[in-house]
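> One structure, pasted below without further comment.
The values are calculated or read from the model by the stated rules, or taken from the named source; none is laboratory data. Quick caveat, the model's predicted, so the values are computed rather than measured. Reconstructed Cβ throughout: ideal geometry from the backbone, glycine too, with neighbour counts over all protein chains shown.
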Amino acid sequence: MDEPTLSYWHVWTDEHGTSRQTRRQIAPFHLRAIARGASPQWQHAVAETVEAINFSVLPVGWTADWHENPKPQWIVPLSGRWWVETMDGTRVEMGTGEISLGEDQGAKKGPDGRKGHRSGVIGEEAVRLMIVQLALRPGMNGSAA
């Protein structure tokens, strides 16, 4: 098998303070055993400090107004469907296994009052998320709006 890649949506802030979403790839992967005696598997290690792992359940009809991610965080939908809209007008819908990296810290409020991103549940099923919060990187302010 060839080395795999893993796609994710990256929510980030450009040099003008506008949040955007871009499809990115996690790579490289290395074929190795995770533990002695285990069969080799493709792995990509993330060299970030994990500060917290949270599980969230967003009820049917839930929406969040404009806000920034409180810290850089991997968001992993476990069930249900949800959407994320950034200041540039991009709206992405995600379901189980379609991961996102939220790094819109430092967004600047636009003339329309928007700052960061907004999100909500799609359909008649609650959304269950695993959120892995990372330590702030140098240059990020980490303020939540």
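> Against the definition (at pLDDT 95 or above and either surrounded by 17 or more Cβ atoms within 10 Å (Cβ to Cβ) or not aliphatic (A, V, I, L, M) (or both)), how does ASP104 come out, yes or no?
When the stated conditions are applied, ASP104 passes them.
> Here is a follow-up. Looking at ILE26, is it surrounded by 13 or more Cβ atoms within 10 Å (Cβ to Cβ) and modelled with pLDDT under 95?
Yes: the conditions hold for ILE26.
> As an exercise: evaluate ALA45 against (1) in a strand (DSSP E or B); (2) at pLDDT below 95 and give the number of the one condition it does not meet.
(1)
> Return yes when THR86 is touching a Lys or Arg at 6+ places or on another chain (Cβ under 9 Å), under 18 Å from HIS117 (Cβ atoms) and among the hydroxyl-bearing types (Ser, Thr, Tyr) and no when it is not.
yes
> Looking at (1) in contact (Cβ under 8 Å) with a residue 60 or more places away in the chain; (2) small (Gly, Ala, Ser); (3) surrounded by fewer than 13 Cβ atoms within 10 Å (Cβ to Cβ), which is the only condition ALA45 fails?
The failed condition is (1).
> Among the residues of region 49-71, write down those that are surrounded by 12 or more Cβ atoms within 10 Å (Cβ to Cβ) and assigned to a loop (DSSP other than H, G, I, E, B).
VAL60, TRP62, GLU68, ASN69, PRO70, LYS71
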